[in-house]
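**Student:** For reference, the structure I am asking about is given below.
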Amino acid sequence: MLAAEGHVHKRQRRVATPAFSVQNMRALVPLVFRKGNQLMDRWMDMIIQGQAGDAKPLKNGVRIDVCHWISRATFDVIGLAGWPIFLEFATNLNSGPQASTTTSTP
């Protein structure tokens with residue numbers, strides 16, 4: 001959809017629009033909050049352990065690359081919202097393109 005133009009883009013937008021209705025977005029709120037809480041727990045663990053992945057510890061704490069972790073959490077939410085896929089990017093620094101599928105609902 002990002003690269004489409006003209007009539008193709010219009011058709012793709014029309015097909016995708018129902019997925020972004022207010023009702024569907026409201027249904028995602030618990031998922032987003034749950035992932036946010038998992039991310040907070042991960043950050044707290046990193047602070048307690050005095051390490052932030054590949055970042056160097058600071059004299060009085062650790063530096064956390066928030067943009068990096070928010071991006072990972074966003075991919076987790078997209079994976080869970082669109083498909084029953086648990087990517088766990090936001091909680092596992094070493095997770096990569098591998099994903100585990102499940103038939104349970106998010």
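**Student:** Looking only at the range 62-78, filter to residues that are touching a strand residue (DSSP E or B) at 6+ places or on another chain (Cβ under 7 Å) and of a type in the set (Val, Ile, Thr); which one of those is farthest from GLN38 (Cα to Cα)?
**Tutor:** Filtering the range 62-78 for residues that are touching a strand residue (DSSP E or B) at 6+ places or on another chain (Cβ under 7 Å) and of a type in the set (Val, Ile, Thr), the one farthest from GLN38 (Cα to Cα) comes out as VAL62.
**Student:** Now for a separate question. May I ask you to list the residues in the range 52-67 that are of a type in the set (A, V, I, L, M, F, W, C), at pLDDT 75 or above and surrounded by 10 or more Cβ atoms within 10 Å (Cβ to Cβ)?
**Tutor:** The answer is VAL62, ILE64, VAL66.
**Student:** If I ask for residues that are surrounded by 11 or more Cβ atoms within 10 Å (Cβ to Cβ), at pLDDT 85 or above and assigned to a loop (DSSP other than H, G, I, E, B), which ones from the range 2-47 would you list?
**Tutor:** If the condition is that a residue be surrounded by 11 or more Cβ atoms within 10 Å (Cβ to Cβ), at pLDDT 85 or above and assigned to a loop (DSSP other than H, G, I, E, B), then no residue fits.
**Student:** Ok, one more. Considering only the range 11-29, state which residues are under 17 Å from ILE78 (Cβ atoms) and of a type in the set (A, V, I, L, M, F, W, C).
**Tutor:** Those that are under 17 Å from ILE78 (Cβ atoms) and of a type in the set (A, V, I, L, M, F, W, C): ALA16, ALA19, PHE20, MET25, ALA27, LEU28, VAL29.
The values are calculated or read from the model by the stated rules, or taken from the named source; none is laboratory data. Fair warning: this is a prediction, and the values are worked out from it, not measured in the lab. Note that we place each Cβ from the backbone using ideal geometry, even for glycine, and neighbour counts take in every protein chain shown.
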